[in-house]
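All remarks here apply to the structure that follows.
Derivation of every value follows stated rules applied to the coordinates shown; laboratory data play no part. Every value quoted in this text rests on a predicted model; they were computed, and no experiment measured them. Heads up, the Cβs are rebuilt from the backbone with ideal geometry, glycines too, and the neighbour counts pull from every protein chain shown.
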Amino acid sequence: MLSSTPDHLDIRPRRLNAALPDPLPRWWLGNDPFRTHFFNAMSVLFPDGEQFFIDSVRHFRDRVTDPALAQQIRGFIGQEAHHSREHIEYNQRLRDLGYDIDALERPVRQRIRWIHKNFSPERQLAATVALEHFTAIMADTVLRHPHWLADADPEMRRLWRWHALEETEHKSVAFDVYMQVCGDRRMLRRAMRLSTFFFLRDVTIGTLSMLRRDGQLNLRTWWRGMRWLWGKGGFFRHLLGAYRDFFRRDFHPWKHDNSALMHQVASEYSDALVR
């Protein structure tokens with residue numbers, strides 16, 4: 001395979017060997033409503049989003065002739081299916097706390113149905129490639145800079161690090177499939193612009209909804225949250241360079257080679273591998 005993907009990349013799903021807190025602590029990340037609900041809002045998107053990723057890659061698996069990539073596709077599907085199940089449970093914990101998760105999931109499902117009806121399989125795969133890059137660079141930041149989750153509930157920190165690890169492992173699978181079956185870089189760039197808009201929109205709406213439910217939707221909370229995301233050293237500020245690289249003509253996800261970090265974190269979850 002002519003790509004930057006590491007040789008002998010072993011992509012296998014893991015099962016978390018611990019249950020989510022029940023009940024879920026309301027502000028499980030540093031007792032901070034904004035930071036907590038930012039991550040909660042991302043969780044709302046994952047079950048339907050990851051099924052979309054699986055479907056878009058699976059559509060082309062019969063056209064993949066490289067045995068290594070075919071094996072990576074199997075691992076990708078297994079990991080994303082496990083993620084979806086964990087976040088379904090996570091989102092139920094949020095319902096139990098009184099958040100209107102159904103209202104947040106509904107427009108996401110409607111949009112995915114519209115995309116299935118109106119976008120070609122290649123455009124759907126391009127959207128998956130774009131969103132997989134988004135999740136991969138956030139995953140790298142979470143793993144490389146542990147302070148982002150240092151004051152989280154321990155089981156929630158374990159869940160998000162597990163998710164980040166597996167997003168790192170399979171970060172090039174959708175891209176490599178896309179380059180084999182299509183390879184249109186302009187379509188990828190358009191997909192990234194559109195995906196960025198909807199990702200930021202959905203996470204913002206979810207965060208606002210949960211803050212409102214908690215009575216925490218005020219200027220002070222929002223200002224502190226925006227500083228945490230966009231201020232000097234902020235979470236999203238960390239992503240900008242890696243995000244822009246997606247638009248380079250020679251971009252490949254593994255040009256951001258964090259394989260050493262990936263192997264280091266993988267040792268924390270070695271007992272959770274699905275054999």
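Take D102, project a point 7 Å from its Cα along the Cβ direction, then tell me which residues of region 19-50 have their backbone nitrogen under 20 Å from it. Counting backbone N atoms under 20 Å from the label point, the list is 41, 43-49. The label point for N118 and the one for L273, both projected 7 Å from the Cα toward the Cβ, are 4.5 nm apart. Using a simple spin-label model with pseudo-atoms 7 Å out from Cα toward Cβ, R58 and L194 lie 2.2 nm apart. All other residues with a Cβ under 14 Å from the Cβ of P23 taken together, and with Lys, Arg as +1 and Asp, Glu as -1, what is their net charge? Here the count lands on -2. Taking a straight Cα-Cα cut-off under 27 Å and skipping sequence neighbours fewer than 8 places away in the same chain, the lysines within cross-link reach of K117 are K171.
Take the Cα of A70, step 7 Å toward its Cβ, do the same at L217, and the gap between the two points is 5.1 nm.
Based on DSSP H segments of at least four residues, each scored -39500 (n - 2.57), the chain has a per-residue ellipticity at 222 nm of -22000 deg cm²/dmol. Looking at region 212-248, the trypsin sites (Lys or Arg not before Pro) that sit in a DSSP loop and have at most 15 other Cβ atoms within 10 Å of their own Cβ are K232, R248.
If Rh is defined by the Kirkwood formula over all Cα pairs and Rg also comes from Cα, what ratio Rg/Rh do you get for the chain?
Rounded to two decimals, Rg over Rh is 0.94.
Within straight-line reach of K255, meaning a Cα separation under 20 Å, sit the following aspartates and glutamates at least 8 residues removed in sequence or on another chain: D7, D10, E132, D140, E166, E167, E169, D176, D184, D245.
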